[in-house]
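Worksheet: one structure, shown below.
The values are calculated or read from the model by the stated rules, or taken from the named source; none is laboratory data. Just so it is clear, the model here is predicted, and its values are computed rather than measured. Here the Cβ positions follow ideal geometry from the backbone for every residue, glycine too, while neighbour counts run over all protein chains shown.
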């Protein structure tokens, strides 16, 4: 799928969905209408999953085991996980909650990978009992596994077990999302004194360790830096297998982290470009010697999510026009607190859901939360916005409205998936209902009102 074809299809489907959302009463300016809704483009998600699987299938010999495990933290919604499973993807989970979501979606244990820097003993036992893959984060976790699967424990049955390493290759543009830094909390630091030798011995002493895992970061981490980490992972696997004299490490979990272009509808870099970067840096990765696992999240879902919010009021303060909307920190938490790292586009629509045009005017687009920094955009050139208009915030299908932030007890909005028929008709399917005020009150301990008296 060429990038320009993808963008044209995405843009066209999105505009049809916005108009249909207004016409079908999912969102709008009428009294009583919902002021906020979130949409997921089902066709876009399927196309992205297909592009991922095709890119790797074209690079490895036939029969090479490859599991693409979606990073559940990017979109912890059961219908989304079910859709991706139908497209051939598994799940990468980081704790008991995400594991429960994957199981609720019907994902088979053999297609689930557990990664977390703080797994409890109970989580380890559950993972072993289910037979899912598990990557140990540190030396103490390996000692816990020794007690559960080692010879003294009766060699309990389990799924594939591995170790996460930190190649310490450096940070990308966003420090908080760079997990291969010198002092990252993740994995066993490969370049620390004696660490490499310890890892080789650890595998030699534990024949049940058959995997190595890496994840160098996500947004802001360039492809060459990702590829360097994977190269170091492959070299370590070769060293371990050479030291033990057999193919003990049989699978490399190379993580995810493909960056997303938030400045346009283009899906760049593509999965094909990602594979090509790896082929140049680590040609042997694709020779069939190792099974592969990937853990992409944001790049699979981001482009296919849209926030639609009503403009409730407009004002001018200090000469700056401000549009007050219902979309803010509760949906775009990273944008509000770190706008330089997470800028979003604002797409203006009129009250009927048609794209707006007009002379660009510098305006702030503000959310509903009660603090001054709740802004999606500052001095953004947009056609003049008016009460009843709608703003669309694209590229929000991962880590934005999928991970609600309950500031001011703002309710979680409804999420709907949509498909577009050959005649342009739009069909919506509810993924998650809007959170009711009764649910907010219940979660806040209403049933225990007098507990502290």
Could you please let me know if residue 130 is at pLDDT 90 or above and crowded, with 19+ Cβ neighbours inside 10 Å?
no
Would segment 205-228 turn up any residue that is free of Cβ contacts under 8 Å to residues at least 12 places away in the same chain, part of a helix (DSSP H, G or I) and either under 20 Å from residue 90 (Cβ atoms) or in the same structural domain as residue 159 (by TED's automatic domain parsing) (or both)?
yes
If you go through segment 430-450 one residue at a time, do you hit one that is in contact with a helix residue (DSSP H, G or I) (Cβ under 8 Å, 6 or more places away or on another chain), closer than 19 Å to residue 38 by Cα, outside the structural domain of residue 83 (by TED's automatic domain parsing) and in a loop (DSSP other than H, G, I, E, B)?
no
Being within 16 Å of residue 294 (Cα to Cα) and free of Cβ contacts under 8 Å to residues at least 40 places away in the same chain is the filter; apply it to segment 108-119 and report the residue that is surrounded by the most Cβ atoms within 10 Å (Cβ to Cβ).
114
Quick one: residue 135 ticks every box in (1) modelled with pLDDT under 95; (2) within 22 Å of residue 235 (Cα to Cα) bar one, so which box is it?
(1)
For segment 65-73, check the following and say yes or no: at least one residue is surrounded by fewer than 22 Cβ atoms within 10 Å (Cβ to Cβ) and part of a helix (DSSP H, G or I).
yes
Counted residues, segment 20-41 - those being surrounded by 22 or more Cβ atoms within 10 Å (Cβ to Cβ) and either out of contact with any strand residue (DSSP E or B) (no Cβ under 9 Å at 6 or more places or on another chain) or not in a loop (DSSP other than H, G, I, E, B) (or both)
8
